[in-house]
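One structure is given below, encoded as structure tokens.
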Amino acid sequence: MIQPRPSFLLATDLRPSFLPALHIKYFIFRQHIIPGGYDLSAYDSIKLLPVGIAGISACCFGVGGAVVGMAETWYIGPVGGLFGEYGGDLGFELA
């Protein structure tokens, strides 16, 4: 049987940055909000879940940043048009 070798990819995984953020959210910010723990039955009902205003607004701001920074053949945004004759495609960086 072939044994997997450890690689650099394991060190660059999202877990080193995700787990501290998850622990900070749970132990610092949610400590006084949910003293008894999470209500796991609420995840099955869409009426008990939050609306998600932060996610919706982040998506809208990301689309707005992509539009003003894009430089494509059919559209050059106002920020993307500042760089050279054909513009610079900054849509990904501004999203």
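The values are calculated or read from the model by the stated rules, or taken from the named source; none is laboratory data. What you are looking at is a predicted structure, and each value in this text was computed from that prediction instead of being measured. Heads up, the Cβs are rebuilt from the backbone with ideal geometry, glycines too, and the neighbour counts pull from every protein chain shown.
For the stretch 36-59, does any single residue satisfy the condition of being at pLDDT 85 or above and aromatic (Phe, Trp, Tyr)?
No.
Which count do you get for residues in the stretch 44-92 that are part of a helix (DSSP H, G or I) and in contact with a helix residue (DSSP H, G or I) (Cβ under 9 Å, 6 or more places away or on another chain)?
Of the residues in the stretch 44-92, 10 are part of a helix (DSSP H, G or I) and in contact with a helix residue (DSSP H, G or I) (Cβ under 9 Å, 6 or more places away or on another chain).
Are there any pairs, at least 6 apart or on different chains, whose C-beta atoms fall under 9 Å, with the first in the stretch 50-64 and without any contact (Cβ under 8 Å) to a residue 12 or more places away in the chain and the second part of a helix (DSSP H, G or I) and surrounded by 10 or more Cβ atoms within 10 Å (Cβ to Cβ), and if so, which?
Every condition considered, the pairs that remain are Gly64/Leu94.
Just one of (1) modelled with pLDDT under 65; (2) within 30 Å of Ala95 (Cα to Cα) trips up Ala21, so point out which.
It fails just one condition, (1).
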